[in-house]
Amino acid sequence: MTDKGSIPFLDLVTPHLELEEELVSVFRSALKTAGFVGGQIVDDFEEEFAQFCGVQYCVGVGSGTDALRFALMAGGVQPGDTVLTVPNTFIATTEAISQAGATPDFVDIDERTYNMDPSRVQEYLETQCCVTGASGKLLNRKTRRPVTAIIPVHMYGQMANMDRILDLAERYHLMVIEDACQAHGAEYFSSGQNRWKRAGSMGSAAAFSFYPGKNLGACGEAGAVTTNDPLLAERVRMLRDHGQRQKYCHEIEGYNGRLDAIQAAILHTKLKYLSEWNEKRRRIARRYDELLRPATTVIPPYESPRTKAVYHLYVIRVRNRDALQAHLTDARITTQIHYPTPLHLQRAYATLGHKRGDLPVAEGVAAEILSLPIYPQLEYRQQERITAEVINWLLKRPVNSRNQHLSLGGMSVLPGMIFTPQKTNT
Ligand SMILES: *Cc1c(COP(=O)(O)O)cnc(C)c1O
């Protein structure tokens, strides 16, 4: 790092340098065999990742976007269908729906978890859909299109409320595809099964991304579908490889969407560290929670006691977010916004005919969220500096109705006071 005092949003260099020998040897052995696509190492990684998620099958593909698209198609989503998801996700979720020939439709999110609100799903199914007499299909009343699947997204590494979503899906015969692209290793306590379950093991299938910045990242593009359904897994295997089960015997048209062998070997190497990295992320999140406690106007992430989040991102909610982000940028702390414009208001979806105000919770949240730096190598003193800057900014702000009574650890503080964190030995 050239700029010593700066804090990057993400550090992808250190973890790879730490594993340099292991990663380089992966490349060396690939060169020796020239096995660049498919092969034993892909099978091995698939088996390990399936085991990690607690499912029967994992099929490695080219990206998280491929994983979502193949899972939808393999699960039976047809051209002309409607698939329900949330508006505050990365556009890959809805791109996959469109690429499967279906149309995305949105339900609003829960104000506390930023995940799909099951009450909104229920309301959508009860008030905007009807069951046709003839086919028994669930149709959207307005578009007359069949609604066939739901994609809950485990945003930021926090599990969506799967019990209620799965209940509704069963009642209305909908397929559930989890978008677990930010949630490798996150856990959810299933009341139905009375046990903890991992992200990717709860729906009909799930999509993972191994984009470099994810909790488990390749050194390039990669993704995977997980499922307990052998037929679905088999169809994904065909879709990723030009619709063939045997070479040059194309039963359907597919795609070039395979996981390459070097990436599989890199993922195999890194998977051994994933639980440790996730634990570090959880510890960093707990420290942020503590350090930010004095800042009573900053809303930290909410983690339900029935879940174990893996903090792909640590997202706070605060008024005048843009001003805080600018202040942190001046202090050489990089932050990001995930995501600044909800999908229903993106130009790419203008044809869906949405307007501002349609999904008020997601819109309100998008205007106030800020992702702070988080990665396993983030140090405690860096967190102290980040949170001290957040608090300093709050103290310098003109008094307004919401933070008039800003208190720091029970003490009233005058605007303009500078807050320095106490020294700790953690
Ligand atoms: C990263 C991500 C994707 C897409 O994954 P790629 O590997 O980049 O195609 C999809 N959904 C969510 C929620 C993501 O964060």
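The values are calculated or read from the model by the stated rules, or taken from the named source; none is laboratory data. If you're wondering where the values come from, they're calculated on a predicted model, not measured in any experiment. Ideal geometry is used to build each Cβ from the backbone, glycine not excepted, and the neighbour counts take in all protein chains shown. Note: areas computed on protein heavy atoms with side chains; ligands, DNA, RNA excluded. Shrake-Rupley method; radii C 1.70, N 1.55, O 1.52, S 1.80 Å.
Things to note:
- Couplings 3J(HN,Hα) of the range 146-158, computed from phi: x, 9, 10, 8, 10, 10, x, 10, 7, 5, 6, x, 9 Hz, in residue order, whole Hz [Karplus 6.51 cos²θ - 1.76 cosθ + 1.60, θ = phi - 60°; x for Gly and Pro].
- Surface share of carbon and sulfur [accessible, 1.4 angstrom probe, percent] for the range 201-305: 50 percent
- Peptide packing for 298-308, 387-397, 29-39 was compared via the average number of neighbouring C-beta atoms within 10 Å per residue; ordered from the highest value, the list is 387-397, 298-308, 29-39.
- Reciprocal of mean inverse Cα separation for the range 13-270 (Kirkwood radius, Å): 18.7 Å
- Grouping the Cα pair distances of the range 217-373 into 10 Å bins from zero gives a pair-distance distribution of 9, 22, 26, 27, 13, 3, 0 percent in increasing distance order.
- Close amide-amide hydrogen proximity is noted between residue 37 and 261, each under 5 Å apart and 5 or more residues distant or on a separate chain (H modeled in the peptide plane; Pro and chain starts excluded).
- In this structure, the pairs whose alpha-carbon distance is over 28 Å, taken from 270/308; 247/272; 32/270, are 247/272.
- Translational D in µm²/s for the range 29-178 (Stokes-Einstein at 20 °C, 1.002 mPa s, Kirkwood Rh from C-alpha pairs): 127 µm²/s
- Label-point gap, in nm, between residue 355 and residue 341 - each point 7 angstrom along Cα→Cβ: 1.8 nm
- Contour excess over end-to-end distance, with Cα ends at residue 250 and residue 286 and 0.36 nm allotted per residue: 7.8 nm
- Hz values of 3J(HN,Hα) by residue in the range 312-324 - Karplus curve (6.51, -1.76, 1.60), Gly and Pro given as x: 4, 9, 10, 10, 9, 10, 8, 5, 6, 3, 4, 5, 5
- The residues of the chain present an accessible area of 46 Å² per residue when probed at 1.4 Å with all protein chains retained.
- Distances between placed amide hydrogens fall under 5 Å for residue 147 paired with 82, 138, 139, 140, all partners being 5 or more residues away or on another chain.
- Over the chain, relative contact order from alpha-carbon pairs under 8 Å, at least 6 apart, %: 19 percent
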